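The values are calculated or read from the model by the stated rules, or taken from the named source; none is laboratory data. Given the structure is predicted, the values throughout are model-derived calculations rather than measurements. As a convention, Cβ positions derive from the backbone with ideal geometry for all residues, glycine included, and neighbour counts pool all protein chains shown. Surface accessibility is based on the protein's heavy atoms, side chains included, excluding ligands, DNA and RNA. Shrake-Rupley method; radii C 1.70, N 1.55, O 1.52, S 1.80 Å.
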Amino acid sequence: MTHIPIRLSRLVLSAITLIGLGLSISAWVEKPAPAAPPNVVLFFMDDLGYGDLSVTGALDYTTPNLDKMAAEGTRFTNFLAAQAVCSASRAALLTGCYPNRLGLFGALGPNSLIGLNPNEETLAELLKERGYTTGMFGKWHLGDNKQFLPMQQGFDEYYGVPYSHDMWPLHPAQAQAHYPPLRWIDGNEPGPEIKDLTDAGKITGTITEKAVSFIRNHKKKPFFLYVPHPLPHVPLATSARFKGQSARGIFGDVLTELDWSVGQIMNELKQQGLDKNTLVIFISDNGPWLNYGDHAGSSGGFREGKGTSFEGGHRVPCLVRWPGVVPAGRVSNKLLTALDILPTVASVCGARLPKNRIDGVDWVALLKGDNSVTPRDKFYYYYRKNSLEAVRQGDWKLVFAHPGRTYEGFLPGQGGKPGPSTETHAIAAGLYDLRRDPGERYDVREQHPEVVAKLEKIAEEARTDLGDDLQKRTGANVREPGRISQ
């Protein structure tokens, strides 16, 4: 048997050890670090119409920061608000549920006896459970009683207005409405009063300052920043810096300041080194309040506006930016809704879904650029308390005969005063092909009875599940809103 000299054997052993150590170090160095959970910034505008950005056709003012967001991310052109009115739309966004499933509808007024049920789990609660710091700065409108406020619904910080800022003593119908003074809410406590249009002109700047400060203070851990701007809902007001900055009058000035606000927040993300790991979403709660004329936005050519189940009431801008994840410069025409924000954000952040049933769908694959997927195929257009006014599947939309709002045939108002409209117009039934007729002008029921039959079945599913006041039907799966504790 051949013996290896002791010195040589030691050298061989040392070499083997070094090689093994080197491989171990190499493996340790090359192993990728786990990806940090993304921050989330969610902008939710108020009464911003589909045509109110320069990237979607606005005239006489520009929105360069939002145009830049669209260029650096994806613009979803077939995105629907969950319902065409304030409180209902906001409830849906934060819970992923049709608002009538939650027993909520319309626009809650001051001292409302109901609000978002604390038993419902909001996106803020789900992300907070995941380790996120959660902040909200802007309009709440889901109940102004303390038990319904954001701090009881998953937000660590809140500064904003409790409901629409036209619900104040300067409202044109104050003699009948008797609105109390409008105050900021700081956490759970009343803050300074917003007394007049000069004070209202500070709203956008104040919210921007709070949002930027939140980013600076919480840059070292994942955060969820919800920015539901109260404007461009009337009454329109802007800071002195932006007055007269557009050829569109006060509406253009307001949009210019809102675009500036978005730019300030986006710039802060970049300055703090958070830009590339932040998912930013920009949407609106419903379409424009058209009878306010020069103080209202544009539906971009879609029929009607806020408070209706036509596309002008539901179709809103949707911009999504997340560098390296969401394709830049892309346009997607797939059907999506505000219901889908919660499950999608929960998915990318590794959070669970609510324990109660929700109606939203996860569109992460589409978000990341997979155009082969179609996350959502149908949608129910509910309005008023619980009226099923239309249903949609793909590009087909069936509108049911119903009494409703219309702006057509009425001269719009001027100077901040509303023109007339009606809530009792006899809306005719109709089948619309939104591919060729996005303005919903040509009823093609007679040409496509098989499509009508298919959509009628979908409507029956909705009525069984959620009910329908038009047919005096009660849904099997409707939950109770929150009620003020006795």
Candidate residues 335, 353: accessible-area rank, largest first, probe 1.4 Å: 353, 335
Stokes-Einstein D for the range 100-173 at 4 °C, 1.567 mPa s, Kirkwood Rh over Cα pairs, in µm²/s? 98 µm²/s
How many percent of the alpha carbon pairs in the range 47-179 exceed a separation of 21 Å? 53 percent
Net length gained if the chain between residue 276 and residue 365 were fully extended (0.36 nm per residue, minus Cα distance): 30.2 nm
Order the peptides 195-202, 445-452 from the highest to the lowest mean number of other Cβ atoms within 10 Å of their residues. 195-202, 445-452
Between residue 422 and residue 146, how high is the FRET efficiency from 1/(1 + (r/R0)^6) when r is the Cβ-Cβ distance and R₀ = 45 Å? Nearest 0.05. 0.75
Mind checking which aspartates and glutamates have their Cα closer than 14 Å to the Cα of residue 334? Skip sequence neighbours fewer than 8 apart in that chain. 362, 370, 377, 395
For 146, 270, what's the largest-to-smallest order of accessible area, 1.4 Å probe? 270, 146
Where a ≥ b ≥ c are the square roots of the eigenvalues of the C-alpha gyration tensor, would you call the range 382-483 rounded, which needs a/c under 1.5, or, failing that, prolate if a/b is larger than b/c, or oblate? oblate
Taking the Cα-to-Cβ direction at residue 111 and at residue 334 and moving 7 Å from each Cα, how far apart do the two end points lie in nm? 4.8 nm
Can you give the % of DSSP beta bridges in the chain that are antiparallel, to the nearest 5? 55 percent
Counting just the Cα atoms, what span does the range 137-293 cover along each of its three principal axes? Round to the nearest Å and put the largest first. 50, 43, 26
Label point at residue 374 placed 7 Å out along Cα→Cβ; residues across the range 316-355 whose backbone nitrogen lies under 13 Å: 333-336
What helices does the chain have that are whole DSSP H segments, at least 30 Å long along their own axis by Cα, and with mean Kyte-Doolittle hydropathy of 0.0 or more? 6-30, 250-271
Over the chain, give the accessible area per residue in Å² for a 1.4 Å probe, as an integer. 42 Å²
Neighbourhood charge, 13 Å Cβ-Cβ cut-off, centred on residue 252 and excluding it, Lys, Arg +1 and Asp, Glu -1: -4
Gain upon complete extension [residue 209, residue 393; 0.36 nm per residue less C-alpha separation]: 62.0 nm
Using 0.36 nm times the number of residues separating residue 35 and residue 217, minus their current alpha carbon distance, what extension gain do you get? 63.4 nm
Can you sort 129, 257 by 1.4 Å-probe accessible area, starting with the largest? 129, 257
The pairs in 219/270; 220/270; 139/202; 68/417; 306/472 lying past 23 Å Cα-Cα in this model are 68/417; 306/472
extent check for the chain: Cα max minus min per principal axis, descending, whole Å, gives 107, 57, 52
If each K or R counts +1 and each D or E counts -1, the residues other than residue 287 whose Cβ falls under 12 Å of its Cβ total -2
Around residue 404, under 11 Å between beta carbons, what's the net of Lys plus Arg minus Asp minus Glu among the other residues? -1
Return the equivalent ellipsoid semi-axes of the range 200-306 as a descending list in whole Å, where each equals the square root of 5 times an eigenvalue of the C-alpha gyration tensor. 28, 16, 11
